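Asks: Sending over a structure as structure tokens; questions will come in a sec.
The values are calculated or read from the model by the stated rules, or taken from the named source; none is laboratory data. Small disclaimer: the values here were computed from a predicted structure and weren't measured. Surface accessibility is based on the protein's heavy atoms, side chains included, excluding ligands, DNA and RNA. Shrake-Rupley method; radii C 1.70, N 1.55, O 1.52, S 1.80 Å.
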Amino acid sequence: MCNLACRGCNSMSSTRWAPIEKKLGWHAHQPYKEKLTILDDVWNTVTHFKLIGGEPLMFKEHDEFIQRLSQRSDLDQVILDYNTNGTFRPSQFVMDTWNKCRLVNIAVSIDGLNERNEFFRHGSQW
């Protein structure tokens with residue numbers, strides 16, 4: 001799921017692309033949605049998570065993930081890697097949880113400033 005329709009993307013990662021692809025007569029993918037229960041068997045052993053999108057911060061499942069993560073006793077050993085388009089600001093609770101983690105890497109996808117970024121990342125409204 002994503003709030004942008006970047007020129008280098010498609011409906012596998014951006015829900016904004018699905019109607020565009022349908023207009024073009026292309027096969028539009030449905031967004032992948034998996035419940036957090038998929039992690040149940042390994043939840044307490046995984047210490048490195050990579051969160052990608054589209055835009056991971058817009059998922060309600062992200063908030064559920066952070067809520068669950070915040071309850072871990074070994075949070076100071078957890079590493080989080082994010083790939084974000086930078087259009088969503090994390091909540092205070094998310095940032096407080098991040099501050100308790102061993103490391104949080106945030107890669108922001110931008111391709112220029114102002115009009116140049118809007119050209120490639122349609123919907124960014126810089």
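Asks: Can you compute 3J(HN,Hα) from phi for each residue in the stretch 114-124, using the Karplus curve 6.51 cos²θ - 1.76 cosθ + 1.60 with θ = phi - 60°, rounded to whole Hz and x for Gly and Pro?
Replies: Ordered by residue, 3J(HN,Hα) equals 6, 4, 5, 5, 4, 4, 7, 10, 4, x, 6 Hz.
Asks: For the stretch 14-126, what's the relative contact order in percent, using C-alpha pairs closer than 8 Å and at least 6 residues apart?
Replies: Once divided by the residue count of the stretch 14-126, the mean separation gives 20 percent.
Asks: On to the next question. Considering only protein heavy atoms and a 1.4 Å probe, what is the carbon-and-sulfur percentage of the accessible area of the chain?
Replies: For the chain, the apolar C and S fraction of the accessible surface comes to 53 percent.
Asks: Kindly write out, for the stretch 43-56 in residue order, the coupling ³J(HN,Hα) from the Karplus curve 6.51 cos²θ - 1.76 cosθ + 1.60 (θ = phi - 60°), rounded to whole Hz, with x marking Gly and Pro.
Replies: Once rounded to whole Hz, the list reads 3, 7, 10, 7, 10, 10, 10, 10, 10, 10, x, x, 10, x.
Asks: Relative to the present Cα-Cα distance, how much length would full extension add between Lys23 and Leu113 at 0.36 nm per residue of separation?
Replies: 29.5 nm
Asks: Next question, about the same structure. 222 nm [θ] for the chain, helices only, -39500 (n - 2.57) per DSSP H run of 4+, per residue, to 500?
Replies: Estimated from H runs of four or more residues: -7500 deg cm²/dmol.
Asks: From the P(r) of the stretch 54-103, could you give the percentage of C-alpha pairs in the tail past 18 Å?
Replies: 25
Asks: Can I ask one more? Pull up the DSSP beta bridges for the chain and report the antiparallel fraction as a percent, rounded to 5.
Replies: Taking every DSSP beta bridge within the chain, about 15 percent pair in antiparallel fashion.
Asks: While we're looking at this one, here's another question. With the other protein chains left in place, how much accessible area per residue, in square angstrom, belongs to the chain at a 1.4 angstrom probe?
Replies: The answer is 65 Å² per residue.
Asks: When we measure straight from the Cα of Lys100, which aspartates and glutamates land under 18 angstrom away, once same-chain ones fewer than 8 places off are left out?
Replies: Counting by Cα, and skipping residues close in sequence, Lys100 has these aspartates and glutamates nearby: Asp63, Glu64, Asp74, Asp76, Asp81.
Asks: Ok, one more. Two decimals is fine: what's Rg over Rh for the chain, C-alpha atoms, Kirkwood radius as Rh?
Replies: 1.02
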